[in-house]
1. So what are the ³J(HN,Hα) numbers for region 43-52, from phi and the Karplus equation (6.51, -1.76, 1.60; θ = phi - 60°), rounded to whole Hz, Gly and Pro as x?
2. Net charge within 14 Å of Val115 by Cβ-Cβ distance, Lys/Arg positive one each and Asp/Glu negative one each, not counting Val115 itself?
3. Arrange the following residues from fewest to most other Cβ atoms within 10 Å of their Cβ: His118, His112.
4. Can you put Met79, Met113 in order, fewest other beta carbons within 10 Å first?
5. Kirkwood Rh, Cα Rg: Rg to Rh for region 8-57?
6. Just add up the charged neighbours of Ala7: K/R +1, D/E -1, any other residue whose Cβ is under 15 Å from the Cβ of Ala7.
7. How do Asp8, Asp100, Asp78 line up, fewest other C-beta atoms within 10 Å first?
8. Distances over 23 Å make up what percent of all Cα-Cα pairs in region 1-123?
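Bear in mind these aren't lab numbers, they're just calculated from the coordinates by the rules spelled out. The structure displayed is predicted, hence computed values, not measured ones. Ideal geometry is used to build each Cβ from the backbone, glycine not excepted, and the neighbour counts take in all protein chains shown.
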Amino acid sequence: MRLTHLADYAVVIMTAAARRRAGERLSAAALAAETGVPLPTAQKLLGKLANAGLLTSARGAGGGVTLARSPARISLADMVEAIEGPIAMTQCSGSEEASDCALDAHCRVKPHMSVVSHAVRGALAAVTLEQLASTPANAGVQPSVAARNTHDWAPAFAGVQG
């Protein structure tokens, strides 16, 4: 599974917004300049993120967007779903309706795919915007088994022996 460019850019924009002071209003132009996301794309994403309740917007002089909730209460799943819609691993995940899949009428896996989609959503929901906006020193690392609940981070290769 791979995020679309729009979902990826939304996470980049939300992370930039989370690094600012709480309540600071940001313009699409400022976020585009800071992140490198093209301005029309940033404007489109801000609208979608606001419609999903992740950002609040104000028009006029001194207007702009702010986070609608604290970064600790916004998950990666929230951001992805704001852009992509509900997380589903397959076309038929979470749907009892017939799909245009050639195997739909005889598929024995379909009833189980919602479990997979829920597990993926749970994994994305476990990552907060607060974590994503933390210092870049944490980039490219995964939590070690011993430290998953303490937020101490270890390189992804920690414990792996050549």
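1. Per residue, the Karplus-derived 3J(HN,Hα) values read 4, 4, 5, 4, x, 5, 5, 5, 4, 7 Hz.
2. In short, +3.
3. Result, fewest neighbours first: His112, His118.
4. So the residues, fewest neighbours to most, are Met113, Met79.
5. In region 8-57, Rg relative to Rh is 0.91.
6. Combined, the nearby Lys, Arg, Asp and Glu give 0.
7. Starting with the residue having the fewest Cβ neighbours, the order is Asp100, Asp8, Asp78.
8. In whole percent, the share of Cα-Cα pairs in region 1-123 beyond 23 Å is 40.
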